[in-house]
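S.K.: Structure in structure tokens, see below.
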Amino acid sequence: MNISAPVYKALLIPGCFLLLNCSTAPTNYTAADFTTVEKFDTHVHINADDTTFISQARKDNLRLLTVNVDAEMPIEVQRDYALKLVGKFPDEVQFATTFNLKDWGTEKWLPQTIAYLQESIEKGAIAVKIWKNIGMELKDADGKWVMIDDARFDSVLNFIEKSNITLIGHLGEPRNAWLAIDQMTILGDKNYFREHPQYHQFLHPENPSYEDQINARDNMLRKHPNLRFVGAHLGSLEWNVDELAKRLDQFPNMAVDMAARIPHLQVQSVTNRQKVHDFMVKYQDRLIYATDHGVDTSSNLMEVNQEAHQVRMTDWKFFATDEELTVPHFTEKFRGLQLPKEVIDKIYRTNAEKWFPGINYQGQP
């Protein structure tokens, strides 16, 4: 009987009488595992009294963090929607608050901002979101741009740190915003900046540069090294995993969510799949699944939910399998990364629990 060394060793394991009984558990998930694995999406916006979005997330085995943002809808109205949903679905929804810039530059701004954040935390907020209007819209009375490393934000950032909640930062934009439309790498960016020319920085060379945005964020983190920070949208370093790795190495209290930026990982994997794979494995404790999906009172709920499910399914295949895939954001085909199970579990669940303490809170005390 000619038995190879590995099989022979397996046959000698006590209690193993048949080779078939000695097989190890699969080290990777499959596409079929999508609905069986518990997951979080830590960056959605539910600004409507809607339950269908949550119902679809439940079918996809996703719990949600709905994020308030200082844009368009008043932040108080967003918080009211969030609190209603948390009350109805405490097992499935938590919320992140935000603050606005009303009365910026006056003595009123700081106390009313702290008061609003304190009230939000008492009502159950587990994080605070800051938005790109800091650095891209806010100016002092003399016309000078205000960036996030401005000393006037320090008291708010210190309050967030002392409150032991997480700061989510959408600071800057994808680097594509500083390129002409036809030079952008992702169709989603082309469409967004075509529809929102006020944020298409290529059209506004007088505004702070991409490097200005990243440097201001980095300076803020240097000033507040103990602040637990999640950089939204891959920390606006979506275009290059090497650049993102540098910041993760430099700032140990920084993680990033992937909201609306997974196509940037996919397009990088077209030319260097192994680099993206190795990045995901090396920084597996610092990467958090998120989509930036959401609904408001004008949404076509059926279309939103169908699209959300399809994107979540494609994302899962990209991370968990080695299937050949296509997405509408670019024309090239690419293969899934087939990350190990333990990496998938961190990206989809345990990193959310680590970086957002309280995300598992269920029901009222």
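S.K.: Where residues in the range 337-361 are farther than 16 Å from R228 by Cβ and among the acidic types (D, E), which of them is surrounded by the most Cβ atoms within 10 Å (Cβ to Cβ)?
M.R.: My answer is D345.
S.K.: Here are L157, L171, L167, L221: which of them is closer than 21 Å to M136 by Cβ, among the aliphatic types (A, V, I, L, M), touching a Lys or Arg at 6+ places or on another chain (Cβ under 6 Å) and touching a residue at least 24 places away in the same chain (Cβ under 8 Å)?
M.R.: From the options L157, L171, L167, L221, the qualifying one is L171.
S.K.: Follow-up question, since we're still on this one. Quick check on this structure: which one of K139, K123, K129, K144 is among the charged types (D, E, K, R), touching a Lys or Arg at 6+ places or on another chain (Cβ under 9 Å) and either modelled with pLDDT of 95 or more or buried (at least 22 other Cβ atoms within 10 Å of the Cβ) (or both)?
M.R.: Answer to the check: K123.
S.K.: Okay, next question. I'm trying to understand the selection: among the residues of the range 314-336, which are touching a residue at least 40 places away in the same chain (Cβ under 8 Å) and either touching a Gly at 6+ places or on another chain (Cβ under 7 Å) or of a type in the set (A, V, I, L, M, F, W, C) (or both)?
M.R.: Residues satisfying the conditions are W316, K317, F318, A320, T321, E323, L325, V327, H329, F330, F334.
S.K.: Hey, can you tell me all the residues within the range 296-314 that are more than 21 Å from E38 (Cβ to Cβ) and either small (G, A, S) or not in a helix (DSSP H, G or I) (or both)?
M.R.: Within the range 296-314, D296, T297, S298, S299, N300 meet the criteria.
S.K.: Kindly indicate the residue of the range 51-95 that is of a type in the set (F, W, Y) and not in a loop (DSSP other than H, G, I, E, B) and also farthest from Q112 (Cα to Cα) among those meeting that condition.
M.R.: Across the range 51-95, the extreme among qualifying residues is F53.
Yes/no matrix, rows are residues, columns are (1) closer than 23 Å to F34 by Cα; (2) at pLDDT below 95; (3) touching a Phe, Trp or Tyr at 6+ places or on another chain (Cβ under 9 Å):
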residue: A245; (1), (2), (3): no, no, yes
residue: P252; (1), (2), (3): no, no, no
residue: M258; (1), (2), (3): yes, no, yes
residue: K275; (1), (2), (3): no, no, no
residue: A320; (1), (2), (3): yes, no, yes
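S.K.: Further question: Restricting the range 271-295 to residues that are polar (S, T, N, Q) and assigned to a loop (DSSP other than H, G, I, E, B), which is farthest from A48 (Cα to Cα)?
M.R.: Among those residues, the one meeting the criterion is Q284.
S.K.: Which of (1) under 24 Å from G235 (Cα atoms); (2) surrounded by 13 or more Cβ atoms within 10 Å (Cβ to Cβ) does N164 not meet, given it meets every other one?
M.R.: Of (1) under 24 Å from G235 (Cα atoms); (2) surrounded by 13 or more Cβ atoms within 10 Å (Cβ to Cβ), only one is false for N164: (2).
S.K.: Among the residues that make up the range 219-232, is at least one of them touching a Gly at 6+ places or on another chain (Cβ under 8 Å), aromatic (F, W, Y) and surrounded by 19 or more Cβ atoms within 10 Å (Cβ to Cβ)?
M.R.: Yes, the conditions are met somewhere in the range 219-232.
S.K.: Please determine whether any residue of the range 133-140 is in a helix (DSSP H, G or I), among the polar types (S, T, N, Q) and within 23 Å of A352 (Cα to Cα).
M.R.: Looking through the range 133-140, none of the residues is in a helix (DSSP H, G or I), among the polar types (S, T, N, Q) and within 23 Å of A352 (Cα to Cα).
S.K.: So T36 passes all but one of these: (1) over 30 Å from P340 (Cβ atoms); (2) more than 17 Å from the chain's Cα centre (by Cα); (3) in a loop (DSSP other than H, G, I, E, B). Which condition number does it fail?
M.R.: Looking at each condition in turn, T36 falls short on (1).
S.K.: Also: Check whether at least one residue in the range 76-86 is in contact (Cβ under 8 Å) with a residue 24 or more places away in the chain and loosely packed, with under 13 Cβ neighbours inside 10 Å, and report yes or no.
M.R.: So far as the range 76-86 goes, yes, one or more of its residues are in contact (Cβ under 8 Å) with a residue 24 or more places away in the chain and loosely packed, with under 13 Cβ neighbours inside 10 Å.
The values are calculated or read from the model by the stated rules, or taken from the named source; none is laboratory data. All values derive from a computational prediction rather than experimental measurement. Virtual Cβ from ideal backbone geometry, glycine too; neighbours counted across all protein chains shown.
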